[in-house]
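What follows is a set of notes on a single structure, which appears directly below.
The values are calculated or read from the model by the stated rules, or taken from the named source; none is laboratory data. No experiment lies behind these values; they were computed from the predicted model shown. Please note that ligands, DNA and RNA were not included when accessible areas were found on the heavy atoms of the full protein model with its side chains. Shrake-Rupley method; radii C 1.70, N 1.55, O 1.52, S 1.80 Å.
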Amino acid sequence: MCAKFLLLLAWIHPSYALYFHIGETEKKCFIEEIPDETMVIGKYRTQLWDKQTSSFLPSTPGLGMHVEIKDPDTKIILSRQYGSDGRFTFTSHTPGEHQICLHSNSTKMALFAGGKLRVHLDIQVGEHTNNYPEIAAKDKLTELQLRVRQLLDQVEQIQKEQNYQRYREERFRMTSESTNQRVLWWSIAQTLILIITGIWQMKHLKSFFEAKKLV
């Protein structure tokens with residue numbers, strides 16, 4: 001039981017950081033599978049390619065990023081313009097794949113015309129969004145109380161993940177049953193077509209032989 005709990009604990013969405021490059025009109029999107037009622041925090045910072053130093057330097061304040069987030073139903077839940085460094089937050093209300101897209105604002109393209117923009121992105125999901133040192137200071141929690149709070153948040157996130165997996169399994173089962181039904185009806189249709197074709201061929205051959213007076 002303990003091993004299963006640790007496995008589930010390790011499987012929960014961790015926070016992750018990455019960086020990527022985009023051009024002037026390029027748009028980068030990421031897919032994140034998120035349970036319902038789960039908070040997500042994204043932080044990013046941008047760097048511009050400097051030809052003189054042949055390295056990436058901090059972006060100018062005038063260069064901004066547009067962040068757009070869609071839920072599994074492709075409904076836009078966040079669409080906002082930020083600066084060269086920014087932080088966005090949203091809470092999922094539908095379980096499934098959420099699309100997180102970023103692209104630079106078109107009004108400041110001259111700032112890096114023809115160049116490259118490096119974007120450092122850090123996404124935190126679930127209990128990883130909590131700032132526990134700040135929570136401990138605000139609520140005056142002891143180290144033990146803080147640890148209990150962290151464990152409770154992790155257990156809550158595990159329950160959300162389990163509910164999401166059950167949701168995925170149910171959708172997969174419904175899709176499988178629908179596919180099996182279609183295959184069954186298609187097999188029945190093929191069998192009927194073969195029977196009808198065979199009957200027609202037999203009648204046609206009988207008529208042919210009768211016309212030739214062979215029977």
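A few comments on the model shown:
- Single residue of the range 170-192 satisfying the filter (over 30 Å from Pro95 (Cα atoms) and open to solvent by less than 90 Å² (accessible area, probe 1.4 Å)) that is farthest from the chain's Cα centre (by Cα): Thr191
- Flag for Gly114 being at positive phi, open to solvent by 50 Å² or more (accessible area, probe 1.4 Å) and modelled with pLDDT under 90: yes
- Scanning the range 117-159 for residues being of a type outside the set (Lys, Arg) and not in a helix (DSSP H, G or I) gives a total of 12.
- Of the numbered criteria (1) open to solvent by less than 50 Å² (accessible area, probe 1.4 Å); (2) more than 22 Å from Glu97 (Cα to Cα), the one Ile158 fails is (2).
- Some residue of the range 195-206 being within 34 Å of the chain's Cα centre (by Cα) and part of a helix (DSSP H, G or I): no
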